[in-house]
Amino acid sequence: MSSKPQFPDEQSSEDEFERQEDAFREWISHDGSTPYPAVPGRYHLYVSLACPWASRTVIVRLLKGLDRAVGMTVVDPVRDERGWAFRDGPGYTKDPVNGFAFLSEAYFATNPHFDGRVTVPVLWDKATRKIVNNSEDDICRMFNDVLGPLGSGCVDLFPKEIEEEHAKRSAFIYEKVNNAVYKAGFAGSQTAYERACRSVFAALDELEAHLATHRYLFGTRIVEADWRLFCTLVRFDAVYYVHFKCNVRRILDYPNLQGFLKDLYQQPGIAGTVNFDHIKRHYYFTHNEINPTRIIPVGPILDLDSPHSRA
């Protein structure tokens with residue numbers, strides 16, 4: 001019996017998932033150095049609450065208090081062959097800005113020759129009617145820096161004094177955790193799967209040990225790398241453990257990682273950015289090559305509101 005990869009165009013010759021590059025990488029500025037000025041009301045964020053990459057931008061937008069400066073629309077978590085769609089439903093809506101039926105329309109409006117996979121998040125410019133950026137890393141940085149003064153939040157998620165160490169830690173989390181669970185889930189062979197899966201748990205073991213003596217990744221303050229890790233951890237036991245076969249251990253089996261997860265989940269407003277219905281329906285229903293029955297599991301029960309004992 002043979003099967004095909006979930007994303008054939010992003011599969012290497014060694015049956016590994018190789019994520020496509022982000023297509024749009026323009027930058028917002030406050031000094032006129034780019035065509036996109038940092039002004040309130042001009043930009044709109046398109047996201048899926050199921051997606052960990054998009055969810056990080058949702059969290060940074062929240063923490064920076066940018067809800068009035070940057071609008072946001074959530075897409076339907078169920079994605080079919082036509083891609084992410086705008087529909088009315090629990091926790092998602094039709095597109096109030098452009099009236100798009102599908103997010104792909106934003107991509108083709110920006111580049112009529114676009115031929116890649118349509119992804120979230122997307123930062124849209126209402127003035128030029130084009131995508132400014134679809135890289136979550138860039139969007140988070142712009143929300144923190146150039147758009148930050150437009151919001152009511154005072155937190156700095158990219159402190160200058162730890163910039164180099166922060167970048168290294170973020171790169172480690174991306175390669176060994178964030179993207180590695182996808183490499184395990186979308187692997188096209190046993191060898192590729194095992195390599196990715198073992199990488200995930202080696203990294204989680206290392207992070208568990210680090211968090212035994214640090215409340216957060218950099219001590220007592222929460223920075224962007226913490227939220228980068230959070231967005232994978234909060235999906236892990238519900239999705240990655242079963243659906244992506246990352247089943248050596250649950251996050252629940254790591255006392256420090258579980259405490260860290262609950263600590264961040266209980267930060268003001270964060271629970272409202274996490275939608276387990278969207279998360280489970282997207283992964284289990286959309287990835288038909290992995291879950292052809294499209295049956296969505298009832299569990300697990302995740303008690304993220306219980307005391308975290310990290311203080």
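The values are calculated or read from the model by the stated rules, or taken from the named source; none is laboratory data. The structure presented is a predicted model; accordingly, all values stated were derived computationally and were not measured. Neighbour counts are summed over all protein chains in view; Cβ atoms, including those assigned to glycine, are modelled from backbone coordinates with ideal geometry. The protein model used for the area step is the full one, side chains on, heavy atoms only, and it has no ligands, DNA or RNA in it. Shrake-Rupley method; radii C 1.70, N 1.55, O 1.52, S 1.80 Å.
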Distance from segment 252-302 to segment 24-50 (C-alpha centre basis), Å: 29 Å
Tell me the per residue accessible area of segment 116-168 using a 1.4 Å probe; a whole number in Å² is fine. 43 Å²
Could you give me the ³J(HN,Hα) list for segment 230-244, computed from phi with Karplus coefficients 6.51, -1.76, 1.60 and θ = phi - 60°, whole Hz, x at Gly and Pro? 3, 5, 7, 4, 5, 9, 5, 5, 7, 10, 5, 4, 9, 5, 9
Largest-first principal axis extents, alpha carbons of the chain, Å: 50, 49, 36
Quick check on packing: order 292-300, 264-272 by the mean number of other C-beta atoms within 10 Å, highest mean leading. 264-272, 292-300
Ranked from highest to lowest mean number of other Cβ atoms within 10 Å per residue, what is the order of the peptides 26-36, 279-289? 279-289, 26-36
If you count only protein heavy atoms with a 1.4 Å probe, what accessible area per residue comes out for segment 209-311, rounded to a whole Å²? 43 Å²
Diffusion constant of segment 168-267 at 25 °C, which comes from Stokes-Einstein with the Kirkwood Cα-pair radius and 0.890 mPa s, µm²/s: 182 µm²/s
Karplus couplings for segment 38-53 from phi (6.51 cos²θ - 1.76 cosθ + 1.60, θ = phi - 60°), rounded to Hz, Gly and Pro as x? 7, 10, x, x, 7, 10, 9, 9, 9, 9, 10, 6, 6, 7, x, 5
In the chain the DSSP beta bridges are antiparallel at a rate, in percent to nearest 5, of 65 percent
May I ask you to give the percent of accessible area on the chain that is carbon plus sulfur, with a probe radius of 1.4 Å? 51 percent
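Ranked from highest to lowest mean number of other Cβ atoms within 10 Å per residue, what is the order of the peptides 249-260, 54-65, 69-80? Show your work: numbers first, answer last.
On the way: 249-260: 18.6, 54-65: 24.4, 69-80: 20.7.
Ranked by mean Cβ neighbours within 10 Å, highest first: 54-65, 69-80, 249-260.
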